[in-house]
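*Asks:* Dropping a structure here in structure tokens format, bear with me for questions.
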Amino acid sequence: MKNWVIQYVYATEKAEQGVSILEVEAETIEEAKKIAVQKAAAEEYIFNVYPQSDEQFLGSVKHQANMLVGKGEYIDSEEA
């Protein structure tokens, strides 16, 4: 299993830009994308899937902070 980071961009109910970051565990990027579709933060969205790494990605500091305080979400592919 590999760890993947999914970043969603979507319009909120207030017509503002929403960003959501989710960590998932999956064997392949295709499997991670399937999970991304199932766990989408809104009805209409775009998303990117990245292998988790120590390199910087957009929102990584905020995401790590959310995970530490229990506001982030980690999904195992077997749960999806």
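*Asks:* Of all residues being under 12 Å from residue 49 (Cα atoms) and not small (Gly, Ala, Ser) in segment 10-26, which is surrounded by the most Cβ atoms within 10 Å (Cβ to Cβ)? Just the residue, please.
*Replies:* 24
*Asks:* Would you be able to say whether some residue in segment 29-38 is touching a strand residue (DSSP E or B) at 6+ places or on another chain (Cβ under 9 Å), surrounded by fewer than 16 Cβ atoms within 10 Å (Cβ to Cβ) and farther than 20 Å from residue 2 by Cα?
*Replies:* No, the conditions are met nowhere in segment 29-38.
*Asks:* Inspect segment 37-53 for any residue being modelled with pLDDT of 85 or more and assigned to a helix (DSSP H, G or I) and give the result as yes or no.
*Replies:* Yes, some residue in segment 37-53 is modelled with pLDDT of 85 or more and assigned to a helix (DSSP H, G or I).
*Asks:* Tally up the residues in segment 1-31 that are over 10 Å from residue 41 (Cβ atoms) and of a type in the set (Val, Ile, Thr), please.
*Replies:* 4
The values are calculated or read from the model by the stated rules, or taken from the named source; none is laboratory data. In this text, all values refer to a predicted model and were calculated from it rather than measured experimentally. We place every Cβ from the backbone using ideal geometry, glycine too, and count neighbours over all the protein chains shown.
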